[in-house]
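The values are calculated or read from the model by the stated rules, or taken from the named source; none is laboratory data. Because the structure is a prediction, the values reported are computed rather than measured. Every residue, glycine among them, receives a Cβ derived from its backbone with ideal geometry; neighbour counts consider all protein chains shown. The area values use the complete protein model at the heavy-atom level, side chains included, leaving out ligands, DNA and RNA. Shrake-Rupley method; radii C 1.70, N 1.55, O 1.52, S 1.80 Å.
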Amino acid sequence: MKIAILGFGVVGSGAFEVLEGAGYEVKRVLDIRPHEELGDKLTSNYDDILNDNEISVVAEAIGGLEPAHTFVVKALKAKKHVVSSNKHLICTYYEELHALAMENGVTIRFTSSAGGGIPWLYNLRRSARCDEINKIMGIMNGTTNFILDAMISDGSDFDEVLKEAQRLGYAEANPSADIDGLDTARKTAISSSIAFNTIIKEENVDIFSLRFIKKCDIDYITTRLGMTVRYLGFGVKGEGGISAFVEPTCLPKNALESNVTKNNNMISLFGRDVGRLSFFGQGAGKYPTGSSLAQDVIDIVNGSCELEFAPCDIKVDNSACQRRYYIRTSANVNYDFFDKLEVIDSNKYIITKNITVSEMHRVANEIRALDENAFFAGIEE
Ligand code: HSE
């Protein structure tokens, strides 16, 4: 089995080095940029890979939707196995790609698309084979964890730390995907799909942005509530369906997540039989993500070719999950689900009773219409 890598950027070049270093030959690399070190392995013509019958595994590390989608579809139709680190592609086209893989008797794997270097999806899928997963939750974005850790531990300013995260290469090209939650929502959708054997799309995931957090929130949460705050994705199985959401979340200071520092990630599953399993590590970067991509390739080369999961139809319903919330706003609001309300300077600090995720997100839009800087965080007891 010969291997091709599409894209020789950060992840593709990391996977190349890991695979060749472990003795697996990469026959071709597709990239439109010159890379002298690749010699005649480099091609800018995808047909050189598609028409090469020796190549049976294609590792996609281009990112984005196009041309990644077209290339992956062509590879599956040519009966080549596909491995991808591309969360946008998997989130958007999983159903189509899964069906194409089935039709053509090949597999599609995407362990590195959520959790970067952490073998999270691999182990989640493995657990889901014989256990019932009730919940997944975790820190799935290094940029936002880096920001929160710095704001809490040394009082740094949000915008300053975001610039530092960009300088260090953690943040997405458009950091809105990090701080407004789309990156975590995609990883939550993919993880929930595997955990609950269904297809959850990014648009099914309710999101509270992190961008409105201020020093006064950190002070209130850490001193008045005696908690800390992290940016978490959740997938929860309830009676009525699956809930999937991304929220800044107040946690006890001794929670495992509270002690995840810098740009690290930590994602957990809660299984009926196995209980809690937590996976900690680097969620991004050349060698962590490149090595995870390489591991999927090696699994296939070694004959482990089963599909990631066979989707069945389960509804996403964020009215099936309840929690308490922290709200900070200057708006003059009062709802009957408010439990405690404290006014400090011109801000109201509110702790709610238990309320459904969908109701809180609906009310948050009403509050934000009056106060665009209002901040909302779930409370994980
Ligand atoms: N920008 C992402 C992060 C990279 O900060 O975790 C990995 O998706």
I need every pair where a residue in the stretch 260-275 that is open to solvent by 60 Å² or more (accessible area, probe 1.4 Å) has its Cβ under 7 Å from the Cβ of a residue that is of a type in the set (A, V, I, L, M, F, W, C) and within 16 Å of the ligand (Cβ to nearest atom), sequence separation at least 6 or different chains. K262/F146
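I need the full set of residues from the stretch 140-178 which are among the charged types (D, E, K, R) and within 11 Å of the ligand (Cβ to nearest atom), in order please.
Taking the stretch 140-178 as the starting set, the residues that turn out to be among the charged types (D, E, K, R) are 149, 154, 157, 159-160, 163-164, 167, 172, 178.
Those that are among the charged types (D, E, K, R) and within 11 Å of the ligand (Cβ to nearest atom): E172, D178.
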Just a yes or no: is a residue in the stretch 120-135 open to solvent by 10 Å² or more (accessible area, probe 1.4 Å) and within 16 Å of the ligand (Cβ to nearest atom)? no
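Can you spot a residue in the stretch 218-230 that is under 17 Å from M151 (Cα atoms), without any contact (Cβ under 8 Å) to a residue 12 or more places away in the chain and open to solvent by 10 Å² or more (accessible area, probe 1.4 Å)? Full working, then the answer.
At the first step, the residues of the stretch 218-230 found to be under 17 Å from M151 (Cα atoms) are 218-230.
Next, only the ones that are without any contact (Cβ under 8 Å) to a residue 12 or more places away in the chain stay: 219, 223.
Next, from what is left, pick out any that are open to solvent by 10 Å² or more (accessible area, probe 1.4 Å): 219, 223.
Yes, there is a match, as at least one residue in the stretch 218-230 is under 17 Å from M151 (Cα atoms), without any contact (Cβ under 8 Å) to a residue 12 or more places away in the chain and open to solvent by 10 Å² or more (accessible area, probe 1.4 Å).
Given G241, G235, G181, which one is under 18 Å from N318 (Cβ atoms), open to solvent by less than 50 Å² (accessible area, probe 1.4 Å) and within 16 Å of the ligand (Cβ to nearest atom)? Break it down stepwise before answering.
On the way: G241 fails: within 16 Å of the ligand (Cβ to nearest atom); G235 fails: within 16 Å of the ligand (Cβ to nearest atom).
Only one candidate passes the filter, namely G181.
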Strands (runs of 3 or more DSSP E) fully within the stretch 7-88 counting 1 or more residues that are within 16 Å of the ligand (Cβ to nearest atom) and in contact (Cβ under 8 Å) with a residue 12 or more places away in the chain: 55-60, 81-84
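If you take the residues of the stretch 279-304 that are more than 16 Å from the ligand (Cβ to nearest atom) and open to solvent by 50 Å² or more (accessible area, probe 1.4 Å), which of them is nearest to M151 (Cα to Cα)? Quick ask: steps written out before the conclusion?
Pass one, the stretch 279-304, residues more than 16 Å from the ligand (Cβ to nearest atom): 294-304.
Filter again for open to solvent by 50 Å² or more (accessible area, probe 1.4 Å), leaving 295, 302-303.
Working: Q295: 35, N302: 45, G303: 47 Å.
This residue is Q295.
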